[in-house]
Amino acid sequence: MDLNTINEVAHPTSRAQLPVWTAGDAWLAGGTWLFSEPQVHLTRLIDLTDFKWPALTIGESGLSVAATCTVAQLDALACPPEWIASPLINQCCRAFLASFKIWKTATVGGNICMSLPAGPMISLTSALDGVCTIWQAGGGERKVAVADFVAGDQRNVLAPGDLLRQIDIPLAALKRRSAFRQISLTPVGRSAALLIGSVTSEGDFVLVITAATARPVKLSFAGMPKPEELRETILQRIPDGLYHTDIHGKPMWRKAMTQRLAQEIRSELQALP
């Protein structure tokens, strides 16, 4: 869709060249949502592609994902064999309600910043203890866990002019045993519940609940919980009002699916050596 209110497109190549943020500005990376509907409140786009950030960087401490990394680039990553949680990457990429054309354009950072409950990059990076690096509009930067970055349906911690630079995933999280569950109302529908469980090197059980809830919910247990403990913890930590509702699923159904998928994950991880 043409954005006929835009009168300027800025092309910075470094942070020092970023223009002063003003009302009517928007960041442009993949643009798959930006160009999908009218944006009559916008007058300037700030294109991030000329920064040429490396999409993916594997280091001694883990994996760094640039905000401009596309879904296709992430899905194609050849992970070291000791990263036994790496199947989550492909599973979450395939949880997108999108064509291959969108895969090649949509960015990891864009999906996280949209902060939709069903954002699969939110699910992935929350489950893998991802940490966002945010360039603050007034200078400096801050770090926020992805699980805390999303505050609700299309709400997050970014202030006007703040920019998500990258997401860092620690090596320890990539080496965990993990299990993935996702459900939709239709075979190619948007996720109504997406849960990821993992077991830390210390034997703790971590469950991250997304899509069913307006924001990510992370539950941690010292050891593998009993079925009733898991059920009661979910009931206590997720009030009914936190379950999301739209045409892709009603809150009470999402609540029931959360309980069912959580127990499946618990059983799967308990059975693994």
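Tabulated results
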{"read-out": "Count - residues of the range 159-194 that are touching a Ser or Thr at 6+ places or on another chain (Cβ under 7 Å) and not small (Gly, Ala, Ser)", "value": "13"}
{"read-out": "Failed item, numbered, when Ser36 is tested on (1) within 24 Å of Val71 (Cα to Cα); (2) surrounded by 15 or more Cβ atoms within 10 Å (Cβ to Cβ)", "value": "(2)"}
{"read-out": "One residue from Leu194, Leu185 being within 27 Å of Trp253 (Cα to Cα) and assigned to a loop (DSSP other than H, G, I, E, B)", "value": "Leu185"}
{"read-out": "Test: residue in the range 39-47 that is in contact (Cβ under 8 Å) with a residue 12 or more places away in the chain, under 22 Å from Ile102 (Cα atoms) and under 19 Å from the mean Cα position of the chain (by Cα)", "value": "no"}
{"read-out": "Qualifying positions in the range 184-224 - more than 21 Å from the chain's Cα centre (by Cα) and either acidic (Asp, Glu) or buried (at least 19 other Cβ atoms within 10 Å of the Cβ) (or both)", "value": "Glu202, Asp204"}
{"read-out": "Sole residue being open to solvent by 30 Å² or more (accessible area, probe 1.4 Å), touching a residue at least 40 places away in the same chain (Cβ under 8 Å) and not aromatic (Phe, Trp, Tyr), chosen from Pro81, Pro87", "value": "Pro87"}
{"read-out": "Subset of the range 59-78 that is without any contact (Cβ under 8 Å) to a residue 60 or more places away in the chain and either aliphatic (A, V, I, L, M) or in a helix (DSSP H, G or I) (or both) - its residue that is farthest from Ala173 (Cα to Cα)", "value": "Ala72"}
{"read-out": "Residue list for the range 85-101, restricted to those being in a loop (DSSP other than H, G, I, E, B) and basic (Lys, Arg)", "value": "Arg94"}
{"read-out": "Of all residues in the range 209-227 being in contact with a Leu (Cβ under 7 Å, 6 or more places away or on another chain) and in a strand (DSSP E or B), the one that is farthest from Arg266 (Cα to Cα)", "value": "Thr213"}
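The values are calculated or read from the model by the stated rules, or taken from the named source; none is laboratory data. No experiment lies behind these values; they were computed from the predicted model shown. A quick note on method: Cβ atoms are made from the backbone with ideal geometry, for glycine too, and the neighbour counts reach across all protein chains shown. Only protein heavy atoms, including side chains, enter the accessible area calculation; ligands, DNA and RNA are left aside. Shrake-Rupley method; radii C 1.70, N 1.55, O 1.52, S 1.80 Å.
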